[in-house]
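A quick write-up on the structure given underneath.
The values are calculated or read from the model by the stated rules, or taken from the named source; none is laboratory data. On a predicted model such as this, the values are computed, not experimentally measured, just so you know. Neighbour counts run over all protein chains shown; Cβ positions are idealised from the backbone, glycine included.
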């Protein structure tokens, strides 16, 4: 039986079609619903194995990225906690990651929010592709078997920071740092554009302590077919028809999500 995935969109969240395609390609059954369908109980989290919070610009980021939407979803705190207790998976990308942080999905042991995402050091919205290295010590079930990745980013508030050095050390110690931006030599990137936002320690994605909630700024769902690749025409000349048979890095993550329930 295929696992069911619920993809939440609305109020400016806008990557639902990419996530839907990626999950269906990986073998999941999917449903796209708005935030208000969830709030009004028109859809029930009990019917799903996976939840995805999309990227985009929820509420125009007017109060800060993800703040207003996190306030709304906070009304479902009990339902979200019950969903999580059922050994489910939650994929939070870009604006969805910002929302999850504001909801406290990655809080420390004292339930104090000591990490956040803030304005890019460059001072502007950046849309490009980045190289990533998955941390071998990560507990993240989404990235099992993955190593080096090449994915697109598109954000203006993607700089991952901690309240202090201990906050970042907590993530490292608990295996919650999932992947980092790296340069062309594989070293942790500290400068633009290899590190597109100035994130501390090059951190591009984190998970909770169980590895079942994953927050990422790079968009896995935006590399769901080889034609997405910025050098696709060059790959096509080199590999011919075989270029279209290569599996994009993004789909590998969604196959891990579906495989978790096998």
*Which members of the stretch 162-191 meet the condition of being surrounded by fewer than 16 Cβ atoms within 10 Å (Cβ to Cβ) and either under 18 Å from residue 102 (Cα atoms) or touching a residue at least 60 places away in the same chain (Cβ under 8 Å) (or both)?*
163, 164
*Scan the stretch 60-73 and give yes if some residue there is modelled with pLDDT of 95 or more, closer than 24 Å to residue 204 by Cα, in contact with a helix residue (DSSP H, G or I) (Cβ under 8 Å, 6 or more places away or on another chain) and in a helix (DSSP H, G or I), otherwise no.*
no
*Evaluate the stretch 131-145: report whether one residue or more is at pLDDT below 95, in a helix (DSSP H, G or I) and over 19 Å from residue 19 (Cα atoms).*
no
_So residue 66 passes all but one of these: (1) touching a residue at least 24 places away in the same chain (Cβ under 8 Å); (2) over 16 Å from residue 157 (Cβ atoms); (3) surrounded by 18 or more Cβ atoms within 10 Å (Cβ to Cβ). Which condition number does it fail?_
(2)
*Would you be able to say whether some residue in the stretch 184-193 is touching a strand residue (DSSP E or B) at 6+ places or on another chain (Cβ under 6 Å) and closer than 19 Å to residue 18 by Cα?*
no
_Selection count where residues are surrounded by fewer than 17 Cβ atoms within 10 Å (Cβ to Cβ), over 22 Å from residue 57 (Cα atoms) and in contact (Cβ under 8 Å) with a residue 40 or more places away in the chain, scope the stretch 114-140_ = 1
*From the list 17, 31, 46, 2, pick out the single residue that is surrounded by fewer than 21 Cβ atoms within 10 Å (Cβ to Cβ) and in a loop (DSSP other than H, G, I, E, B).*
2
*Return only the number of the condition from (1) in contact with a helix residue (DSSP H, G or I) (Cβ under 7 Å, 6 or more places away or on another chain); (2) within 17 Å of residue 217 (Cβ to Cβ); (3) modelled with pLDDT under 90 that residue 99 does not satisfy.*
(3)
